[in-house]
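One structure is given below, encoded as structure tokens.
The values are calculated or read from the model by the stated rules, or taken from the named source; none is laboratory data. Fair warning: this is a prediction, and the values are worked out from it, not measured in the lab. Backbone-built Cβ (ideal geometry, glycine too); neighbour counts: all protein chains shown.
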Amino acid sequence: MAVNVPGLVAVVVFYIVILVIGIWASRKSKKVEKTCAGSKSEVTIVGGRNISVLVGVFTMTATWVGGGYIMGTAEAVYSPTQGLIWAMGPPAYLINFLLGGLFFAKPMRSKCYVTMLDPFQHRYGNIFTATLLLPALVSDILWVACILAALGGTMSVILGLSSALSIVISAAVSIIYTFLGGLYSVAYTDIIQLSFIFVSLWLCIPFLVLSPAVADLSQVVHLNQSNVNSWMGELELADAGKWADEMLLLALGGLAYQALYQRILSAASSVQAQVTCFAAAGTVFIMGIPSVVIGAVAASADWNQTAYGLPPPFERGEAGKILPLALHYLTPTWLSVLGIGAVAAAVMSSMDSVLLSSASMFTQNIYKTTLRKQASERELKRVIRVSVLLVGLAGTGLAFGDDSVFALWLLSGDLLYCVILPQLICVLHFSYSNSYGAITGYVVGLLLRVLGGEPLLGIPPLLLYPGWREEDGVITQYFPHRTLAMLASVTCVISVSWLVEQGFCRQLIPQSWDLLRVFDGKQEADADEVPVPGEEKNIILNTKL
């Protein structure tokens with residue numbers, strides 16, 4: 001395929017604009033650091049807790065509206081084996097933000113934490129916190145790989161560039177401005193990126209629907225019976241367990257992402273953090289509608305009337321690229337270029353957040369508290385930057401060659417859902433949870449998840465749940481095994497913590513057996529009243545973002 005020179009020029013200009021805005025924002029970050037009375041590294045991580053509601057909504061929405069969300073939703077709607085009923089992203093993310101605002105924003109922000117791992121560090125100590133960083137880091141790297149794979153596929157279709165080159169260039173731009181400016185660069189670039197995604201994708205919809213190759217408009221919009229099986233999809237009783245498992249994974253797994261709490265903790269108050277979550281719930285749902293329409297149009301199109309020809313994309317194994325294919329073959333060239341810009345913007349708006357979240361947790365909860373307790377602020381900023389670079393390189397390396405964006409998108413939240421979410425629920429809402437229960441829940445959740453297998457990673461299941469099927473030599477679990485692992489982990493944390501507490505407090509277990517020293521007088525008191533750095537009212541700065 002020949003390179004689309006005008007499209008390439010437009011994308012390069014867009015990347016330069018984003019890079020310039022990111023560099024400009026990094027200068028603003030440095031100015032805030034000079035006026036900030038607290039830790040300078042916290043300005044990089046949580047922006048000095050000055051993010052306004054409007055900017056917070058933009059950056060929170062942009063983080064979730066990534067390449068996986070846009071392309072994965074279109075892929076699910078288009079796929080004959082799935083359909084609209086399996087396009088879980090928009091409703092799942094709406095639920096995610098509503099629950100985040102109701103049950104997680106206030107307890108996190110009111111304690112003035114810096115990262116999602118802070119409550120674990122205060123309750124359980126440094127060693128257990130380090131074990132929680134591992135699944136969070138793996139999930140972030142997979143998320144980076146997912147969104148870069150989405151962009152690589154899009155650019156290869158529309159611009160004629162190699163997927164590998166597209167991935168490397170886009171990753172480099174995101175890494176550079178996140179490396180320089182931290183949360184300020186991320187927030188400001190997110191505003192531009194989200195605005196561009198909204199305008200360009202919605203602008204494509206009329207051209208797609210009115211394309212001569214697409215079925216009659218009334219059939220697409222009014223869900224005519226002839227199209228129900230092609231893109232509406234069906235949910236059979238035998239598939240209900242798998243559907244519920246994936247829906248809950250997306251809806252609840254997002255509550256265990258550091259990227260979510262980075263926005264919550266950057267708000268000026270607990271109330272503002274909650275309002276940001278509630279507003280983002282609506283915007284993230286609206287941003288998913290164009291992808292649903294694109295998937296439906298692609299499923300209703302006669303590809304033989306386009307230059308793509310037959311067989312259709314699904315039969316060629318290109319369902320994961322259906323969004324760029326639809327834009328390229330069903331819209332004018334200039335619109336397809338806008339579409340590639342939308343996907344590029346979505347990729348960078350998510351990637352920068354993921355890079356910063358992993359770097360923040362490692363620097364704040366591992367390097368600063370365990371490896372180098374006397375580290376200077378200058379040293380901590382360097383560690384954040386090096387961490388951003390390493391996570392970016394790791395995710396970029398995994399982005400090559402994966403065909404299903406939807407599958408990688410689901411996998412990125414898998415460990416968070418099964419391992420970290422149960423821990424977060426218990427540490428925030430069950431004051432008696434302790435290290436013994438937390439360790440037990442961690443092991444049980446991780447063990448059950450691994451025993452369930454993972455086809456995408458080639459891990460065979462050792463524990464077969466009811467309803468499993470073998471298709472083309474690959475065993476797929478149709479029982480909600482991820483949700484079972486999550487619930488089992490929560491149950492273990494609560495029950496073991498309570499039983500151990502009763503055993504030691506009632507002297508049923510000798511005090512000498514308290515190897516983790518949870519129930520000596522001082523630590524038991526600290527478990528209920530967590531020491532936090534300062535009061536909320538003292539950290540709001542005069543400068544507003």
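Odds and ends about this structure:
- Total residues in the range 448-473 satisfying the condition of being free of Cβ contacts under 8 Å to residues at least 24 places away in the same chain and under 27 Å from the mean Cα position of the chain (by Cα): the figure is 7.
- Scanning the range 354-397 for residues that are under 18 Å from SER185 (Cα atoms) and not hydrophobic (A, V, I, L, M, F, W, C) turns up SER357, SER358, SER360, LYS381, ARG382, ARG385, SER387, GLY392.
- When residues in the range 230-240 are screened for being crowded, with 19+ Cβ neighbours inside 10 Å and in a helix (DSSP H, G or I), 1 of them pass.
The rows are residues; the columns are (1) in a helix (DSSP H, G or I); (2) in contact with a strand residue (DSSP E or B) (Cβ under 8 Å, 6 or more places away or on another chain).
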| site | (1), (2) |
| --- | --- |
| ARG263 | yes, yes |
| PRO290 | yes, no |
| ALA299 | yes, no |
| LEU310 | no, no |
| ILE322 | yes, no |
| LEU325 | yes, no |
| VAL354 | yes, no |
| GLN374 | no, no |
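- Where a residue in the range 265-277 is assigned by TED's automatic domain parsing to the domain that holds PRO107 and its partner, wherever it lies, is assigned to a helix (DSSP H, G or I) and aromatic (Phe, Trp, Tyr), with Cβ under 9 Å and at least six apart: THR276/PHE97; CYS277/PHE97; CYS277/PHE104
- All of ALA259, ALA280, ALA267 fail the test of being within 26 Å of the chain's Cα centre (by Cα), at pLDDT below 90 and either among the polar types (S, T, N, Q) or closer than 30 Å to LEU428 by Cβ (or both), apart from ALA259.
- Of all residues in the range 499-512, those that are under 20 Å from ALA438 (Cα atoms) and touching a residue at least 24 places away in the same chain (Cβ under 8 Å) have Cβ atoms under 6 Å from Cβ atoms of residues that are surrounded by 12 or more Cβ atoms within 10 Å (Cβ to Cβ) and of a type in the set (Phe, Trp, Tyr), 6 or more apart or on another chain, in VAL500/TYR436; GLU501/TYR432.
- Meets criteria (surrounded by 24 or more Cβ atoms within 10 Å (Cβ to Cβ) and in contact with a Pro (Cβ under 6 Å, 6 or more places away or on another chain)) for ILE322: yes
- Any chance VAL383 is touching a residue at least 40 places away in the same chain (Cβ under 8 Å) and in the same structural domain as TYR15 (by TED's automatic domain parsing): no
- Pick from the range 474-516, criterion within 29 Å of the chain's Cα centre (by Cα) and farther than 30 Å from ALA238 by Cβ, ranking: surrounded by the fewest Cβ atoms within 10 Å (Cβ to Cβ): ILE494
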